[in-house]
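All remarks here apply to the structure that follows.
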Amino acid sequence: MTLTALTRQVRVLAAPGHRHEEILTPAALDFVGRLAEAFAPHRRDLMKERRRQAQRLASGSPLDFPMVTSAVRDDPTWRVAPPAPGLTDRRVEITAPPDRRTALAALDSGAQVWTADFEDATAPLWDNVVGGQLTLLDAVERRIGRTTREGQEHRLPTVVVRPRGWHLDEEHLEYDGRPVPAALVDFGLSFFHCAQRQIDAGHGPYFSLPKLENRYEARLWNDVFLLAQELLGIPRGTVRATVLIETITAAFEMEEILYELREHSAGLGVGHRDYLFSLIKTFGHRSDFLLPDRARVTTSAPFLRARAELLVRTCHRRGAHAVGGTAAQVPGEDRAAGEAVFATVRLDKEREAEDGFDGSQVARPALVPVCRDVFDRVLGERPHQLDRTRDDVEVTAADLLSVRRTSGPATPDEVRAGLSVALRYQAAWLRGRGAVVLDGLAADAATAEIARAQIWQWLRHRVTDRETVTELLDREVTALRAEHPHAHVDDVRALFERTALARELPLFFTPDAYSRHLVRHPEVRA
């Protein structure tokens, strides 16, 4: 497919790799360039507004449901688009990075949906980014993934792509002298190569949008979808997107986010670790938002229950799917321990199914049968439970912010464990691994974000002191150096100190780590 040439071209600031030419074609780069030309300036403006909003909330401005959009919330007539082919039954979704080995396991897991996560589960080494696109292409072309199982036809899951968030750049691609927004790279390359192929296979180009903070960021995505469909001649409304409610500000604009995306909406999903991280970023300077260790902030916490029930009510009122959170537990080889993991996951999924969620997410294939069994019992032959409108639910702003009922100090062991998780994950991320297992849980960037944010918050509120943290850091660094003698452990320590021990909490650790350690520009080509 040929697009009209741009005056300025996207430049690839990286050496060619294995099969990269299949993804980085002139036409594909031209398509990404058109998206960058149209939307990069507005995206920069929205990132500035994020910082201004953060400053307003930090200075004491109240967080509430926006008065200016009350007409959208009060209008009972509007609905999102009906469920798209392949997204009608979403009772089990598996989220995994798009590396070939993990993708193969996800495709063969028996889940209805595979979310290929370029966001938290992928360390953005250039080979990982392009390699992930190759995995998607191969999956859509059915060059990976078994089509039969035990002599019977095996239905491959619907593929959903989770691009990186609006806050990240892709510095290996340059347009008009600036890095291309990473979200537009991940979306643009996958859409260009796979959209028509997915349509031909009976599904469509579907996406999962992370870390949105408000309706304006959803509107920007909707504009991206409109232009992308127009440029490639794909009917308007073919794209569908699920938005993860994993920031505290987005929780106050669920209706508005659905409204902005309504012809492209596939519903809302729950994010747990990022949500806690967002809460600390937004209100962590206040003592009444002091959180205990993340392991003690379960989905039964009142403020998380309020978000879950509001999400189901909002979605079903508008004809949209509500998708539960990701089970991160990893069953080990010990049978008793494995049974305990399954019991914990089952209890959590039962709560979601009873609340009215239409499906839920897991991070490991071994948990797919557990999640499926729970939702099979509730749904039966029905593909969803959109008919449960949850009119009994009434959630106030105070309910969403009722953290005090869950607050409490961390123990010394929890401080040590949090520091260890943050440091070990950041070390893995710098080695190019975005999804690892730490202490029996699937860990991704969100794991490290909440862990290092909690260290920062505990220091700020004197739950622990800097001397203690420094001593713990010395021990963990020594252990890390013994485990990975060839790793750049000093870089890992410096990264942790910059992102967890600074006076003000950096918004994310990933932009800093990416620009300092993962960007390589050995050559430049058009």
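The values are calculated or read from the model by the stated rules, or taken from the named source; none is laboratory data. Everything numeric here is computed off the predicted structure, so don't read it as measured data. Cβ placement follows ideal geometry from the backbone for every residue including glycine, while neighbour counts extend to all protein chains displayed. These accessible areas exclude ligands, DNA and RNA; they are computed on the full protein's heavy atoms, side chains included. Shrake-Rupley method; radii C 1.70, N 1.55, O 1.52, S 1.80 Å.
For P62, indicate whether it is part of a loop (DSSP other than H, G, I, E, B) and buried (at least 18 other Cβ atoms within 10 Å of the Cβ).
Working: part of a loop (DSSP other than H, G, I, E, B): yes; buried (at least 18 other Cβ atoms within 10 Å of the Cβ): no.
No; evaluated as a whole, the condition is false for this residue.
Output the residue which, of all residues in the stretch 331-342 that are surrounded by 11 or more Cβ atoms within 10 Å (Cβ to Cβ) and small (G, A, S), is modelled with the highest pLDDT. First the steps, then the outcome.
Residues of the stretch 331-342 surrounded by 11 or more Cβ atoms within 10 Å (Cβ to Cβ): 331-332, 337-342.
Applying the additional criterion that residues be small (G, A, S) yields 332, 337-338, 340.
Working: G332: 82, A337: 83, G338: 86, A340: 92.
Among those that are surrounded by 11 or more Cβ atoms within 10 Å (Cβ to Cβ) and small (G, A, S), it is A340.
Looking at the stretch 436-452, I want the residues that are free of Cβ contacts under 8 Å to residues at least 24 places away in the same chain and have a partner that is buried (at least 24 other Cβ atoms within 10 Å of the Cβ) and part of a strand (DSSP E or B) with Cβ atoms under 9 Å, at least 6 apart or on another chain. Which pairs are those?
Correct list of pairs: V436/A443.
For the stretch 400-420, what are the residues that are at pLDDT 95 or above and either of a type in the set (K, R) or more than 19 Å from L290 (Cβ to Cβ) (or both)?
Matches in the stretch 400-420: R416, S420.
Criterion first (open to solvent by less than 50 Å² (accessible area, probe 1.4 Å), at pLDDT 95 or above and among the β-branched types (V, I, T)) does V489 satisfy it? First the steps, then the outcome.
Numbers: open to solvent by less than 50 Å² (accessible area, probe 1.4 Å): yes; at pLDDT 95 or above: no; among the β-branched types (V, I, T): yes.
Spelling it out, it is not the case that V489 is open to solvent by less than 50 Å² (accessible area, probe 1.4 Å), at pLDDT 95 or above and among the β-branched types (V, I, T).
Kindly establish whether S360 is touching a helix residue (DSSP H, G or I) at 6+ places or on another chain (Cβ under 7 Å), open to solvent by less than 30 Å² (accessible area, probe 1.4 Å) and part of a strand (DSSP E or B). I'd like the intermediate steps shown before the answer.
Details: touching a helix residue (DSSP H, G or I) at 6+ places or on another chain (Cβ under 7 Å): yes; open to solvent by less than 30 Å² (accessible area, probe 1.4 Å): yes; part of a strand (DSSP E or B): yes.
Considered against the rule, which asks whether it is touching a helix residue (DSSP H, G or I) at 6+ places or on another chain (Cβ under 7 Å), open to solvent by less than 30 Å² (accessible area, probe 1.4 Å) and part of a strand (DSSP E or B), S360 comes out as yes.
Which is within 29 Å of P506 (Cα to Cα), open to solvent by 10 Å² or more (accessible area, probe 1.4 Å) and at pLDDT 95 or above, of T282, T298?
On the way: T298 fails: at pLDDT 95 or above.
Criteria check complete, one pass: T282.
Look through A241, A343 and report the one residue that is closer than 22 Å to P85 by Cα and either among the small types (G, A, S) or under 20 Å from the mean Cα position of the chain (by Cα) (or both). Spell out how you get there, then give the answer.
Working: A343 fails: closer than 22 Å to P85 by Cα.
The unique qualifying residue is A241.
Among the listed residues P369, P383, P409, identify the single one that is of a type outside the set (D, E, K, R), surrounded by fewer than 19 Cβ atoms within 10 Å (Cβ to Cβ) and touching a His at 6+ places or on another chain (Cβ under 9 Å).
Numbers: P369 fails: touching a His at 6+ places or on another chain (Cβ under 9 Å); P383 fails: touching a His at 6+ places or on another chain (Cβ under 9 Å).
Result of the check over P369, P383, P409: P409.
Among the candidates T69, T77, T115, T122, which residue alone is of a type in the set (S, T, Y), assigned to a loop (DSSP other than H, G, I, E, B), at pLDDT 95 or above and open to solvent by less than 20 Å² (accessible area, probe 1.4 Å)? Can you show your working first?
Values: T69 fails: assigned to a loop (DSSP other than H, G, I, E, B); T77 fails: open to solvent by less than 20 Å² (accessible area, probe 1.4 Å); T115 fails: assigned to a loop (DSSP other than H, G, I, E, B).
After applying the criteria, what remains is T122.
Out of V393, V378, V374, report the one residue that is part of a helix (DSSP H, G or I), open to solvent by less than 10 Å² (accessible area, probe 1.4 Å), in contact (Cβ under 8 Å) with a residue 24 or more places away in the chain and out of contact with any Pro (no Cβ under 8 Å at 6 or more places or on another chain).
Values: V393 fails: part of a helix (DSSP H, G or I); V378 fails: open to solvent by less than 10 Å² (accessible area, probe 1.4 Å).
Criteria check complete, one pass: V374.
Do you know which residues across the stretch 460-479 are surrounded by 19 or more Cβ atoms within 10 Å (Cβ to Cβ) and part of a helix (DSSP H, G or I)? Give the derivation first.
We begin by selecting, within the stretch 460-479, every residue surrounded by 19 or more Cβ atoms within 10 Å (Cβ to Cβ); these are 463-464, 469, 472-473, 476.
Those that are surrounded by 19 or more Cβ atoms within 10 Å (Cβ to Cβ) and part of a helix (DSSP H, G or I): V469, L472, L473, E476.
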